Amino acid sequence: MSAPPSDSQPASRAVPSSVDVVVVGAGFSGMYLLHKLREMNLSAVAFEAGTDVGGTWYWNRYPGARVDVESLAYSYSFSEDLEQEYEWQERYPTQPEILRYARHVADRFDLRRDIFFRTRVNAAAYDEQGRTWRVRTEHGDAVTARFLVMATGCLSASKLPEIPGLDRFAGATYHTAHWPHEGVDFTGLRVGIIGTGSSGVQSIPVIAEQAAQLTVFQRTPAYSLPARNRRLRPDEIAAMKANYRAFRQAQKESGFGVPTPIPTKSALEVSDEERDATFERAWESGSLVNLLTAYADLSIDQAANDTAKRFIHRKIHQIVEDPRTAADLCPEYPVGTKRPCLDTGYYETYNRENVHLVNLRRTPIVEITERGIRTSDQAYEFDVIVYATGFDAMTGALTSVDIRGRGGASLDEAWSAGPRTYLGISSAGYPNLFMITGPGSPSVLSNMVVSIEQHVDWVTDAIAYLDHQGLTTIEPTQEAEDAWVDHVNLIADATLYPKANSWYMGANVPGKPQVFMPYAGGVGEYRKTCDEIAAQGYKGFALSV
Ligand code: NA7
């Protein structure tokens, strides 16, 4: 696997022996945290495995990588100056444009001086006597902190497929989440790609334009909508900037962190013509949220959801010329229960002569060989294999650090039957440990920047509250945590989400317990709950002096 080269970052400085807060990760969460902690006059350091800021947008440099939330909405709201002065170029910015934004924020707020790059955190142990966390890095440094915040992101621990012979292939291999910084030239090459989630769906059309041949190995098809990306017009940027405060408020109160009208109608109560026209508008709009919120019951009623499924199947059959390929591209699970994708020319790509789809449901991969990939019916030869096989999502980055709470209890072991948190922010037995957008919070079911800002604000408010009250620790009670886990499950079970084998459920990692990890009750409702808990003196948490 080709490793990304290092591209920047300051020379060696000594890691301080003690700070108020250790932050793990310098993506959008870690950056905003550092900024807020500084404003509170708290000392903090962040450790980051990459050579620069950006998190997800630092690592995922595969061709065609874009965000699926519009730039003017997928941006920080904490600084009005930043909001007003920053110039987004595209409706759905590319990875380089988002990384440029992250770097701009790091420069603007001088964040890098508190970040140690090229530094993974290996372990963190709670010292019950000292009421501090002892955090160890891969370089052997240790730092003591009153608070530990895991700003490690939901999609950071990348995952290779469990296929025999992975090391045998003689050609080049790349994982979409560890793309070489200098890019890859596929010109004239025979390329095999495994995986058709967002990373596959976005990269396949771009790779197909360069490669001599592209063979796509698909286990589960994705539902994908055309992004209809374009350059932003000056008038729409100006209109948003004039209205930003109201827009940000609407984001906070919305279901997905993207303001949309709340649907009231059932998909089953309208005529076929009306429904088709509604879905057509959503398809034309290039917005996932417009599709997912077209009717009130799409996420909870199978028959309602089937109407959206049939609409998208029809679209796929209209676009893809070969009927068998089109049928193979049509998903069967309910729309929206696995992360839907936004694409640029994805289905059209299958009309190219140099692109071939292999349906792994029919002919599974048997092994990787020295020359390529062997399925149950054929051996394929490649110069390059691309793994677009995703992540150990939501928990992988948390449990890959050896976190030990009270009595030396391992977080990894405590979560062996699935993650258990209170609000997706904290876990019983782990005082003063916070997670940003952890499992049990809306996280990946939302515009991540909105959820990140909410969690960072809530966590820093909690720290300020403790300091103001002369308290030292905060930790959820077991009862509050159990009740929250039950609540998260109850909401998930009222939806169609558990009907798909998705990474939301942990289903993509063999052996991972299958529980629905994000909170599906919506960003606005969730925020209200968090605010009420704080207003009631952090109800459900044990606070101690
Ligand atoms: P995803 O969405 O987890 O997609 C990974 C893809 O790789 C998916 O199609 C998987 O099929 C496939 N996969 C994984 N393991 C295998 C094996 N062993 N054999 C064949 N195919 C396999 O990751 P992405 O990086 O595309 O996107 C992650 C998120 O980033 C996305 O949801 C957006 O939120 C942004 P499966 O579905 O498991 O059958």
Simple spin-label estimate for ASP110 and ASN243 in nanometres, 7 Å along Cα-Cβ: 3.7
How far apart, in nm, are two points set 7 Å out from the Cα along the Cα-to-Cβ line at HIS356 and at ALA142? 5.7
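What FRET efficiency, computed as 1/(1 + (r/R0)^6) with R0 = 25 Å and r the Cβ-Cβ distance, is obtained for ARG310 and GLU90, rounded to the nearest 0.05? It would help to have the intermediate numbers written out before the result.
Values: r = 32 Å, r/R0 = 1.28.
My answer for the efficiency is 0.20.
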Run the numbers on the stretch 260-387 and let me know its relative contact order in percent, using alpha-carbon pairs under 8 Å that are six or more apart. 17
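Given a Förster radius of 60 Å and the C-beta distance between ALA14 and ARG281 as r, what FRET efficiency does 1/(1 + (r/R0)^6) yield to the nearest 0.05? Before the final figure, lay out each step's value.
Details: r = 58 Å, r/R0 = 0.97.
For ALA14 and ARG281, the calculated efficiency is 0.55.
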Using amide H atoms built 1.01 Å from N in the peptide plane, name the residues 5+ places from PHE116, or on other chains, whose amide H lies under 5 Å from its own. ALA46, PHE47, GLU48
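Please report, in cubic angstrom per residue, the volume enclosed by the convex hull of the alpha-carbon atoms of the stretch 57-117.
Working: hull volume 5.2 nm³, N = 61.
Given the Cα convex hull of the stretch 57-117, per-residue volume reads 86 Å³.
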Could you check what % of the DSSP bridge pairs in the stretch 338-494 are antiparallel, to the nearest 5? 90
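With both partners inside the stretch 1-133, how many of the DSSP beta bridges are antiparallel, as a percent to the nearest 5?
Details: 3 of 9 bridges.
Here the antiparallel bridges make up roughly 35 percent for the stretch 1-133.
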The stretch 149-294: relative contact order in percent, alpha carbon pairs under 8 Å with at least 6 residues between: 17
5 Å is the cut-off here: which amide hydrogens, built 1.01 Å from N in the peptide plane, fall below it relative to PHE434, excluding neighbours closer than 5 in sequence? LEU148, VAL149, MET150
Residue by residue through the stretch 128-144, which ³J(HN,Hα) values in whole Hz follow from phi under the Karplus form 6.51 cos²θ - 1.76 cosθ + 1.60 (θ = phi - 60°), with glycine and proline marked x? 5, 5, x, 6, 9, 9, 10, 10, 10, 9, 5, 8, x, 6, 10, 9, 9
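Once you have the Cα-Cα distance between ARG168 and ALA327, take 0.36 nm times their residue separation minus that, and quote the gain in nm to one decimal. Walk me through the numbers before you get to the answer.
Numbers: separation 159, 0.36 × 159 = 57.24 nm, distance 3.27 nm.
Full-extension gain reported as 54.0 nm.
Rg to Rh for the stretch 364-422: what is it, with Cα atoms only and Rh by Kirkwood?
On the way: Rg = 19.0 Å, Rh = 14.9 Å.
Across the stretch 364-422, the Cα-based Rg/Rh ratio is 1.27.
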Eigenvalues of the Cα gyration tensor times 5, then square-rooted: what semi-axes does that give for the chain, in whole angstrom, largest first? 37, 28, 23
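Rounded to the nearest 500 deg cm²/dmol, what is the calculated helix-only ellipticity per residue at 222 nm for the chain, with -39500 (n - 2.57) per DSSP H run of length n ≥ 4?
Details: 17 runs with 175 residues, N = 545.
Rounded to the nearest 500, the figure is -9500 deg cm²/dmol.
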What is the spread of the Cα atoms of the stretch 180-287 along each of their three principal axes, largest first, in whole Å? 49, 39, 22
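Express as a percent, rounded to the nearest 5, the fraction of DSSP beta bridges in the chain (both residues included) that run antiparallel.
Numbers: 25 of 65 bridges.
Just about 40 percent of them are antiparallel.
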For LYS309, the lysines lying under 20 Å Cα to Cα, once residues fewer than eight places off in the same chain are dropped, come out as LYS265, LYS338, LYS499
Mind listing the Cα extents of the stretch 67-165 along all three principal axes, in Å, largest one first? 50, 47, 21
Long-range amide H partners of GLU90 with built H, under 5 Å: LEU232
Taking a cut-off of 19 Å, what percent of all Cα-Cα pairs in the stretch 18-91 are separated by more than that? 48
Förster-model FRET efficiency, 45 Å R0, GLU274 and ARG406, C-beta, rounded to 0.05: 0.20
Just to be sure I understand the model, the point goes 7 Å from the Cα along the line to the Cβ. What's the resulting THR264 to ASP493 distance in nm? 3.2
Taking Cα centroids, how far is the stretch 341-364 from the stretch 118-163 in Å? 39
What are the extents of the Cα atoms of the stretch 485-545 along their three principal axes, in Å, largest first? 43, 27, 15
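Rounded to a whole number of µm²/s, how large is the Stokes-Einstein D of the stretch 107-187 at 4 °C and 1.567 mPa s, given Rh as the Kirkwood radius over C-alpha pairs? Let's see the in-between values first.
Numbers: Rh = 16.9 Å.
Rounded to a whole number, D works out at 77 µm²/s.
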How far is helix 244-253 tilted, in degrees, relative to the longest principal axis of the Cα atoms in the chain, given as a value from 0 to 90 rounded to the nearest 10? 90
Could you pull the Rg and Dmax for the stretch 1-158, using just the Cα atoms, both in Å? 16.2, 52
Value of Rg/Rh across the stretch 398-534 [Cα atoms, Kirkwood radius]: 0.96
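Values in this text are rule-based calculations from the coordinates and carry no lab data. All values derive from a computational prediction rather than experimental measurement. Heads up, the Cβs are rebuilt from the backbone with ideal geometry, glycines too, and the neighbour counts pull from every protein chain shown.
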